[in-house]
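Chemist: This is the structure I have questions about; it appears just below.
The values are calculated or read from the model by the stated rules, or taken from the named source; none is laboratory data. Predicted model, so just to flag it, every value in this text is computed and none were measured. Neighbour counts are summed over all protein chains in view; Cβ atoms, including those assigned to glycine, are modelled from backbone coordinates with ideal geometry. Note: accessible area is taken over every heavy atom of the protein model, side chains too, but ligands, DNA and RNA are not part of it. Shrake-Rupley method; radii C 1.70, N 1.55, O 1.52, S 1.80 Å.
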Amino acid sequence: MDSNVICGKPNTEKPQSENKNFKTHHFATTQSDDLRVATKLPGLWSLSLSYCRNLTAYALGSLSNFACFGFVDFSYASIDFVAIQYTIREVQIMRMNSIGSTLHIGDSEEWRGFAAFCLPNVWSLDGLFVTWDERRKWDEYFISGKGKYSHFMRKLYLPPNPVFVPRKECHPSKAKAKDDKSGLIVTPRAQQVLVHFPREFQMGVEQDLWRLKYLAKDLEQAVKEYNNISLKDHAIIEGSIQCMIAGSSRSDNTNTMASRVILFLLIFASFLPLFSPGRLQELLEMTFIVHRDGTAQKEGRLYNWAQNPISPLKWRVQEKMTYLSLLLGRLKLDALSETSVQDEPPLASPQLLKTWGHLLVSMLHACYESMRSTDSFDLETATINNDDISHRAFGDLPKDVPAMGTVELEVIQLFCLLPGSKEFLDEFPSLYKAYERAVLRLVPGAVAVFEGVFWEEDAFHFHTSADGEEEVNGMPVEAKATEIKYKLCVGVEKILRNFCTE
């Protein structure tokens, strides 16, 4: 076996996109020498170098000639962090993964901070969007704080001097932008991103929103390419993710912080076998289909992104994971601007968002584990089983047990919003078991600490009263369902309030 290869082979499949407007190329290889081929592709947009050996500055040098990449994957690769700074620091990289690579040194949180500090043009790192507030925190830490004398700064930091960045030479490319004077390769897809790129931003949050918008636009393209969505339904997808991620709540009453929290929870819950896919889809449609199109319903046409079969709950694992990342990134911005409330916890506290971030990273690790089990080494084109992710991500990771409890409780609370009292009572026994388990994950001694969190419920006996009304255990069905929903919601609020304020 070639010494430059751990395992796997270059991806020689036909490029996924046939859209002439984008001319997108995806290139995957486990051999560093193949990068010479990649840089000759006029529409190179995403690049998978996972499991590559010997990714030196020389091997990566040609990548510095590109202006922008949609996705670069260094996961489980052997690579020097100084080489990364030397070659691609100035390149705009919308998403970069380095899971399990030799780039990871020491504590994961400090490592992520150091990477964000050194690579300001990486928008999303290891499945999590990098906000301006996060960069500001780590800039202060490494420039004037405790991190100034850390191992990272002493051994791995390369000062940002243009002399060290080999971006003067450039391979000729027909895709070069007409107005580009730098000699960089600007592919058609990159040009669509960079043509509106502001030279400077008045506020950091403006840059974040701009980046989130184009990450959302890139996700829309991936959804259309990889999820068997018919051409006639492309128009429904177009702009829907951008509106949710970077739009203003003033223009759409389903585009609020609350709606983003709900969408995050529903997409996340679609990975968990605990919750019925059909009921999750009901919740999605109930929340986001505000205006129903009667004509379209009669003709059997789709008219909203929340409908089957284009619903986000039906997408591939990769696109659902990316959407969760973007939603979490926007929620972090929402939390920063949310009015501080003293008596009540915020809708999504920083502690809760951090917890959800840990879950997403665990799920990304699980994706790569699942790929290895099928001898696949390209995240963009791999077939990943939805049910496999939950088992691999959370089955043997005790540290994530409390985090899972928060998501399960939030989703259980959403189930209380669904109409249909009898249907709710039918599924209550299994729902209550899930509720009980989630509570004990977060607060092992909840029975003794929180009064009213658990209660005994008699078996349900349905019968018809003398006046023809359906009853259960001597109460109208609707009244009984309302009583139980109230108890569930009160219990969830007690537990989450305690967890979010710890």
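Chemist: Considering only residues that are closer than 15 Å to ALA116 by Cα, in contact (Cβ under 8 Å) with a residue 40 or more places away in the chain and surrounded by 17 or more Cβ atoms within 10 Å (Cβ to Cβ), which ones fall in segment 135-154?
Modeler: ARG135, PHE152 - these are the residues of segment 135-154 that are closer than 15 Å to ALA116 by Cα, in contact (Cβ under 8 Å) with a residue 40 or more places away in the chain and surrounded by 17 or more Cβ atoms within 10 Å (Cβ to Cβ).
Chemist: Identify, by number, the condition in (1) in contact with a Lys or Arg (Cβ under 7 Å, 6 or more places away or on another chain); (2) hydrophobic (A, V, I, L, M, F, W, C); (3) closer than 23 Å to PRO188 by Cβ; (4) assigned to a helix (DSSP H, G or I) that ALA116 doesn't meet.
Modeler: Failing condition for ALA116: (3).
Chemist: Mind listing whichever residues of segment 289-324 are among the hydrophobic types (A, V, I, L, M, F, W, C), under 21 Å from the mean Cα position of the chain (by Cα) and open to solvent by less than 30 Å² (accessible area, probe 1.4 Å)?
Modeler: Passing the criteria: ALA306, ILE310, LEU313, TRP315, VAL317, MET321, LEU324.
Chemist: Quick one: which helices (runs of 4 or more DSSP H) lie wholly within segment 256-369 and hold at least 1 residues that are touching a Gly at 6+ places or on another chain (Cβ under 8 Å) and farther than 21 Å from PRO419 by Cβ?
Modeler: Fully inside segment 256-369 and qualifying: 317-337.
Chemist: Mind checking which residues of segment 182-215 are open to solvent by 60 Å² or more (accessible area, probe 1.4 Å), touching a Phe, Trp or Tyr at 6+ places or on another chain (Cβ under 9 Å) and farther than 21 Å from TRP45 by Cα?
Modeler: Result: MET203, GLU206.
Chemist: If LEU417 passes every condition in (1) touching a residue at least 12 places away in the same chain (Cβ under 8 Å); (2) part of a helix (DSSP H, G or I) but one, which one does it miss?
Modeler: (2)
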